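In what follows, a structure is listed as structure tokens, so that the remarks can point back to it.
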Amino acid sequence: MIIDHPLVRVKLTRLRSVETSTAEFRRRLTELATLMAFEVTRDLSTRIHPVMTPIAPYEGAMLARPVVLAPILRAGLGMVEGILQVLSDAAVAHIGLARSEETHEPHSYYFKAPLNLAAADVIVTDPMLATGGSAVAAITQLKAEGAKTIRFMCLVCCPPGIARLQAAHPDVPIFTAAIDPELDSRAYIVPGLGDAGDRYFGTVG
């Protein structure tokens, strides 16, 4: 699903620009993740939660299931702060995957998640869905640990990554701000926004 909103388009444009500094990249990425979180969580189930207002009792709502954010390290961490602005009670898992520069395939080096994955709504975050290798590997790990309800959230993706993720995990919806046309010889999305992890953490060059 493409999240098409004027503010999403504007902030993504700033992220794409080579002139955007590390400080602005971090700020815009956080803002963009917050905006996108509203659409990503639109269909989460709620249950009745009675409260007492200063005037009278009120039957309100609370989420029916816990939420677990599962960023793919490193770059996925950049999206967590923005999502936590609206999901402050969410637990945060960590999935460490390193991509081989030769094969472009991911290798797992770290995995830590809460024990209640089976009962939770899990949101996997990674700014880019390029080849789809990291997304598929992360979701496979989560399912092996019991996760049943998973959604994938990225900023930019491309057809090869979408096809690979949907083929491996057709039950996992994809939420993105943009679909770019292709990958280059290094498996970078074109036009994309470069290496999101390097730009967020200031390790470019």
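The values are calculated or read from the model by the stated rules, or taken from the named source; none is laboratory data. Values in this document were obtained by computation on a predicted structure and should not be read as measured data. Ligands, DNA and RNA are stripped out before the accessible areas are found, and what is left, the full protein with its side chains, is counted by its heavy atoms. Shrake-Rupley method; radii C 1.70, N 1.55, O 1.52, S 1.80 Å.
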_If you roll a 1.4 angstrom probe over the protein chains with everything in place, what fraction of the accessible area of the stretch 125-205 belongs to carbon and sulfur, to the nearest %?_
56 percent
*Cα to Cα, under 12 Å, and not fewer than 8 places away if on the same chain: which aspartates and glutamates meet these conditions relative to Lys148?*
Asp121, Asp171
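Stretched out fully, how many nm does the piece from Thr203 to Ser17 gain, at 0.36 nm a residue minus the Cα gap?
Taking Thr203 through Ser17 to full extension adds about 65.3 nm, to one decimal.
Please report, largest first and rounded to whole Å, the three semi-axes of the ellipsoid equivalent to the stretch 36-136, where each semi-axis is the square root of five times an eigenvalue of the C-alpha gyration tensor.
Values for the stretch 36-136, descending: 34, 13, 11 Å.
Per the Kirkwood treatment, what hydrodynamic radius in Å, one decimal, follows for the stretch 12-78 from the mean inverse distance over all distinct Cα pairs?
By the Kirkwood definition, the hydrodynamic radius is 15.1 Å.
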*For the stretch 1-67, what % of the accessible area comes from carbon and sulfur atoms, probe 1.4 Å?*
59 percent
*Treating cross-link reach as a plain straight distance, find the aspartates and glutamates whose alpha-carbon is under 15 Å from the alpha-carbon of Lys112, omitting any fewer than eight places away in the same chain.*
Glu145
_Out of all DSSP beta bridges in the chain, what portion is antiparallel? Express it as a percent rounded to 5._
40 percent
*Go ahead and estimate [θ] at 222 nm for the chain from helices alone: -39,500 (n - 2.57) per DSSP H run with n ≥ 4, summed, over the residue count, rounded to 500.*
-9500 deg cm²/dmol
*Given a 1.4 Å probe, how much area per residue of the stretch 71-189 is accessible, in Å²?*
43 Å²
*Principal axes first, then extents: for the Cα atoms of the stretch 1-40, list largest minus smallest coordinate on each axis, whole Å, largest first.*
28, 14, 14
*asked:* Let me check against my output: what whole-number percent is the relative contact order of the stretch 1-100, with C-alpha pairs under 8 Å and at least 6 apart?
replied: 24 percent
*Just the C-alpha atoms of the chain: what Rg/Rh do they give, with Rh taken as the Kirkwood radius?*
0.99
